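Take a look at the structure below.
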Amino acid sequence: MSILAFIGIVAIIVAVWLIAGYNGFVTMRNRVNEAWADIDTQLKRRYDMIPNLVETVRGYMAHEKEVFEKVAQLRTQAMGAGSMDQKAQAEGQFSQALKSLFAVAENYPELKANQNFLELQRELVDTEDKIQAARRFYNGGVRDYNTAIEQFPGMMIARAFGFAPKEMFGTETEAEREPVKVSFK
């Protein structure tokens, strides 16, 4: 009788451990998904601001057509990126194009005094800050989740139930580390 009781207690402990481990992984995975949704929301907000920004700037910078075309092209690429890696790379290039647009805008005093431009610039900077914060939160969640599914003994539960590692969201590319290049023709 005591051996059966011991086996029963061990079975209950193992079952509780499996349930707690599984539920912990589900919680972490859902936090990572929520964090990604936050990033996606802020990126959408930024994408929605860009046409207004371009229209505001276009009247002042009529001969800077290349800058506008590059911003529009990279916005479309970023919106259509599929995988996390593609999204990160597209976002890096898009951020560089926006920096170039603002660098060129510095040479137009009337534009810098335009209230619409100033408001859009302020909103865009605020959105960029929110994207960075959301990205840090997401990457922290991914780090914790990936660590949990890779450590023993949790990895046994993770493998048994198909919990796979998530990708970090890093947009820093080689191009982003270089200063913005502006040329006037």
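A short reminder: the numbers here are calculations on the coordinates, not readings from a lab. This one's a predicted model, so the numbers in the text were calculated from it and none came from an experiment. Backbone-built Cβ (ideal geometry, glycine too); neighbour counts: all protein chains shown.
Just checking, does the stretch 16-27 include any residue being among the hydrophobic types (A, V, I, L, M, F, W, C), surrounded by 15 or more Cβ atoms within 10 Å (Cβ to Cβ) and either over 30 Å from Lys99 (Cβ atoms) or under 20 Å from the mean Cα position of the chain (by Cα) (or both)?
yes
Taking the stretch 48-92 only, how many residues are in contact with a helix residue (DSSP H, G or I) (Cβ under 7 Å, 6 or more places away or on another chain), closer than 22 Å to Met168 by Cβ, surrounded by fewer than 18 Cβ atoms within 10 Å (Cβ to Cβ) and in contact (Cβ under 8 Å) with a residue 12 or more places away in the chain?
Residues in the stretch 48-92 being in contact with a helix residue (DSSP H, G or I) (Cβ under 7 Å, 6 or more places away or on another chain), closer than 22 Å to Met168 by Cβ, surrounded by fewer than 18 Cβ atoms within 10 Å (Cβ to Cβ) and in contact (Cβ under 8 Å) with a residue 12 or more places away in the chain: 2 in total.
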